[in-house]
Every structure is written in C-alpha cells, then in structure tokens.
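Here's the structure we're looking at; comments come further down.
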Amino acid sequence: MYDAHGLGVYGYVHAILADRAEAEDVVQDVFLRALARSRGWLGLRNPAGYLYRAARNEALSRLRKRTVRTRAAAELTYAAEVLTPIESSLESAEEAARVNSALLALPVEQREVVVLKVYQNMTFKDIARITGASQNTVASRYRYALAKLKEILEAEEAVFHEPN
C-alpha cells in the first residue's frame, strides 16, 4: 500500500503543510494507523481515497495548531524544497520557483485542489471525496486557483520586464 500511494500522499500533505518533516510525520502516522486497521481494508472500495482523506484531515489539524510565525518559516522552507526542478537548466529552476511562490499565495483549499489535480492526476470526483467538498466546489476552487495563479505569474512577469 505504501509503495503504491506513499509518495503521492506525501506530496499532497507537503503541499498543505509546506514543511517536509511534518509532512513525513503525517504520512508515517497515517500509514501506521492504516496498518493497525488493516482488517478493515478489505471492505473499502477506494483505499487510496481513504489514505488521502486521512492524510488531509491530519495535515489540516496540524496546520490549525501552528502559530503564524511557524507557518511563515515553514512556507519559506517549502519554497526551497517542494518543486525542486528535475531539469538542471536555470530557466526551468526559475520557472519552478515562480510557480511554487504563486502556489504558496493561494488559499490552502485552492492549493490542495491544484496539487491533487495537476500533480496527482486525480479527478474532481476523487478530490471531492478526499476534501469533503462537492464536485462543483472542487471545480470552482480549481478554476479560481488557476485564474489566481495566472494573475500572480503575469504580474511577476510584468514587474520583471519593467524598464529601469
């Protein structure tokens, strides 16, 4: 189960928490709880959905417990870690940093939908199950998030190309 879903759950939780160590703790806790309740897995129609939902609940719980100062420090760490580009070219690294920064500017509800849709290739139906929101709400959050990302990235581009 971990081999199939561990990395995806980690990426999702990391996007919510913006903290590598805390995301690892959440993933470990979720999979340990799942292992302890392994007999109940036989009746589940969507074990991956259960894992993502459990991870989301735990991540949001931890997020609520943070102080503002701790959250800001974690987001800076996230900015340096999460979307480290696989490509080695400077242009792609800069682009990944820009997208990462724009993602951090989104509300958590929109950020999690983008991460699940784009990086985990989930459907709106799957995301709705995980987040507990309706499919229409999930689709709206995705649409608003993409519009906001576009706005942020275009504003950065305009500032970058302004003559001195």
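The values are calculated or read from the model by the stated rules, or taken from the named source; none is laboratory data. Just so we're clear, the structure is a prediction, and the values are computed from it rather than from any experiment. Cβ coordinates were reconstructed from backbone atoms using ideal geometry, including for glycine residues, and neighbour counts include every protein chain displayed. Areas reflect the complete protein model, heavy atoms only, side chains present, ligands, DNA and RNA absent. Shrake-Rupley method; radii C 1.70, N 1.55, O 1.52, S 1.80 Å.
Some notes on this structure:
- Pick from segment 120-149, criterion in a helix (DSSP H, G or I) and polar (S, T, N, Q), ranking: farthest from residue 44 (Cα to Cα): 140
- When restricted to residues that are surrounded by fewer than 16 Cβ atoms within 10 Å (Cβ to Cβ) and modelled with pLDDT under 75, segment 85-109 contains 9.
- Residue under evaluation residue 64, criteria (1) exposed (fewer than 12 other Cβ atoms within 10 Å of the Cβ); (2) modelled with pLDDT under 70; (3) not in a loop (DSSP other than H, G, I, E, B); (4) not β-branched (Val, Ile, Thr), criterion not met: (2)
- Top-ranked residue of segment 152-162 - restricted to ones that are free of Cβ contacts under 8 Å to residues at least 24 places away in the same chain and assigned to a helix (DSSP H, G or I), ranked as most open to solvent (accessible area, probe 1.4 Å): 160
- Top-ranked residue of segment 113-151 - restricted to ones that are in contact (Cβ under 8 Å) with a residue 60 or more places away in the chain and open to solvent by 70 Å² or more (accessible area, probe 1.4 Å), ranked as nearest to residue 5 (Cα to Cα): 119
- All positions within segment 1-58 that are touching a residue at least 60 places away in the same chain (Cβ under 8 Å) and among the aromatic types (Phe, Trp, Tyr): 12, 52
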